[in-house]
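Structure first, commentary second.
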Amino acid sequence: MPSIPDPDLNTEARLLIERIAASGTRHDVVHGGVRVSWRRFGGASAHAPLVLLHGGHGSWMHWLRNVEALSAGRTLWLPDMPGFNDSDAPPRAAPGEDPLGPLLDALGGSLDQLIGAGTPIDLGGFSFGGLTAARFAVRRGAIRRLALVGSGGHGTMRRMAVEMINWRAAPDRGQERAALLHNLAALMLHDKAAIDPVAFEIHDISCHGTRFRSKEVSQAGGLQAALDTLGGPQLLLWGEYDVTADPRPLVAQLTAGHPQREGVVIAGAGHWAQYERADEFNRLLLRFLG
């Protein structure tokens, strides 16, 4: 188990996060009474805007190590989805209704205010954000290409080897930080060297900012149905050691009989593959987007 990051190093991590954030602009947009915080990176581009959705217990910072590469030649939009970090929580769905519906309403309505309804986009998502992106694409339309990494909603067995710890039940900040670090190693990252102060800071901030219960949505399935409904070019990425799935048979299952659906297993990566193997992820995504 890695040690808890030194608070002084975490000051440096916070400064790095602030520097990346300052390279873009923040846009708070209200739709249906829900304020959604979006961050825009990169200048005007002839390419379709690229929208990336973070994972559960996440924030726009799940893409921190991808921002500079992906926004060099494209306009990149990263939300804190409703119920996460700087965005308002969406209203609860009524009993028997789609639990993701209010989140998708606020997400779609706020994006349309920023870029225009019906504007074609390239869309990606990570973990819970992968299922959300696929569902969002079905609802919105005008999706040029869809790329998912470690997506939830696949409906197959997870392979968690270590139990998660309820960090919210910790009696003090020290034990809370220890629990968060444990969970970061158990779920998100395979290589212990990847659990650096920046990864911990992102995880710490994002967990504390989470008010939407995403686990039940991710485990309820629905990914394959959404992908089949969409059609078009799709890139499905999983880290080799992702504990939320068994990547190789899952990729084979999802891509079989779908010539426009490409599956890639990223060697050496865990669940948070776009952080742990950022250079390879950036290369794969930019190639796919053309």
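The values are calculated or read from the model by the stated rules, or taken from the named source; none is laboratory data. Only a predicted model underlies this, so the values are computations on that prediction, with no experimental measurement involved. Cβ sites come from the backbone with ideal geometry, for glycine too, and all protein chains shown count toward neighbours. Note: accessible area is taken over every heavy atom of the protein model, side chains too, but ligands, DNA and RNA are not part of it. Shrake-Rupley method; radii C 1.70, N 1.55, O 1.52, S 1.80 Å.
A 1.4 Å probe run over the protein chains yields, for region 158-290, 44 Å² of accessible area per residue, whole-number rounding. The value of relative contact order for the chain, using C-alpha pairs under 8 Å at least six residues apart, is 20 percent. Protein heavy-atom accessible surface, 1.4 Å probe, per residue over region 1-129: 40 Å². Here the contact order of region 114-213, divided by its residue count and restricted to Cα pairs under 8 Å and six or more residues apart, works out to 19 percent. P(r) tail for region 24-96: Cα pairs beyond 19 Å make up 38% of the total. Packing, taken as the mean count of other beta carbons within 10 Å per residue, orders the peptides 214-223, 18-27 from highest to lowest as 214-223, 18-27. Phi angles across region 77-91 convert, under the Karplus curve 6.51 cos²θ - 1.76 cosθ + 1.60 with θ = phi - 60°, into 3J(HN,Hα) values of 10, 10, x, 8, 4, x, x, 9, 6, 8, 9, 5, 6, x, x Hz, Gly and Pro given as x. Just the protein heavy atoms count here, and of the accessible area of region 51-115 at 1.4 Å, carbon and sulfur take up 47 percent. The HN-Hα couplings worked out from phi for region 61-73 by the Karplus form 6.51 cos²θ - 1.76 cosθ + 1.60 (θ = phi - 60°) are 5, 4, 9, 4, 7, 10, 4, 5, 5, 6, 8, 5, x Hz, whole numbers, x standing for Gly and Pro.
Measuring between their Cα centroids, region 76-116 and region 7-74 lie 16 Å from each other.
Simple rule: put +1 on each Lys or Arg Cβ and -1 on each Asp or Glu Cβ in region 1-128, find the dipole, and look at 110, 96, 128; the Cα lying farthest toward the positive end is 110.
Computed from phi, the 3J(HN,Hα) profile of region 26-41 under the Karplus parametrisation 6.51, -1.76, 1.60 (θ = phi - 60°) reads 9, 10, 9, 10, 9, 9, x, x, 10, 8, 10, 8, 10, 10, 10, 10 Hz, with x in place of Gly and Pro.
Shape verdict for region 207-290, please, from the Cα gyration tensor: rounded (a/c under 1.5), prolate (a/b greater than b/c) or oblate. Taking the square roots of the gyration eigenvalues as a ≥ b ≥ c, region 207-290 is oblate.
For residue 239, the residues 5 or more places off, or on other chains, whose built amide H falls under 5 Å of its own are 150, 266, 273. Computed over every Cα-Cα pair of the chain and binned at 5 Å starting from 0, the pair-distance distribution P(r) comes out as 1, 6, 12, 18, 20, 18, 14, 8, 3, 1, 0 percent. Modelled label positions at residue 193 and residue 139, each set 7 Å beyond Cα in the direction of Cβ, lie 4.2 nm from each other. Protection proxy ranking, highest mean first, for peptides 146-157, 194-205: 146-157, 194-205, where packing is the per-residue count of other beta-carbon atoms within 10 Å, averaged.
Working note: 222 nm ellipticity from helices only, DSSP H runs with n ≥ 4, each -39,500 (n - 2.57), summed and divided by the residues of the chain, gives -11000 deg cm²/dmol to the nearest 500.
Carbon-plus-sulfur fraction of the accessible area of region 186-284, 1.4 Å probe, in percent? The nonpolar share, carbon plus sulfur, comes to 53 percent. Between residue 31 and 36, the built amide H atoms are under 5 Å apart, and every one of these is 5 or more places off in sequence or on another chain.
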